[in-house]
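Q: Below you will find the structure I want to go over with you.
Every number here is computed from the coordinates shown, using simple stated rules; none is lab data. Since this is a predicted model, take the numbers as computed values, not measurements. Here the Cβ positions follow ideal geometry from the backbone for every residue, glycine too, while neighbour counts run over all protein chains shown.
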Amino acid sequence: MTTYVLTYDLNKDETSSDYKRLIDELKRLGGHRYQKSAWLLNLSMTSQQVHDHFKKLMDPNDSLWVSELTNLYYGSGLMLGTVQWLKDNPPAR
């Protein structure tokens, strides 16, 4: 499994019903929101597969970034539960 960072910029308010499927799918796959538009995911997919999977749940003019998280990370001001999620889902490298 690979730990990914997924970030997005949505062109409508995230609370719009247009994005319910996106947020529900991030949660279904065990994603953890660590900032308002940033999630951590631990998946058996390539970064392109992750991108393509989530892009189809967004509007065409929204932006999406997916990258692998390595163990060379550092953060502050993260949402509750982020440190524990990373302990439970450590990056592979």
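Q: What's the number of the only condition in (1) surrounded by 16 or more Cβ atoms within 10 Å (Cβ to Cβ); (2) without any contact (Cβ under 8 Å) to a residue 40 or more places away in the chain; (3) touching a strand residue (DSSP E or B) at 6+ places or on another chain (Cβ under 8 Å); (4) among the hydroxyl-bearing types (Ser, Thr, Tyr) that residue 19 fails to meet?
A: Going through the list (1) surrounded by 16 or more Cβ atoms within 10 Å (Cβ to Cβ); (2) without any contact (Cβ under 8 Å) to a residue 40 or more places away in the chain; (3) touching a strand residue (DSSP E or B) at 6+ places or on another chain (Cβ under 8 Å); (4) among the hydroxyl-bearing types (Ser, Thr, Tyr), residue 19 breaks only (3).
Q: Which residues, taken from the range 45-91, are surrounded by 12 or more Cβ atoms within 10 Å (Cβ to Cβ) and of a type in the set (Gly, Ala, Ser)?
A: Once the filter is applied, which keeps residues that are surrounded by 12 or more Cβ atoms within 10 Å (Cβ to Cβ) and of a type in the set (Gly, Ala, Ser), the range 45-91 yields 47, 63, 67, 81.
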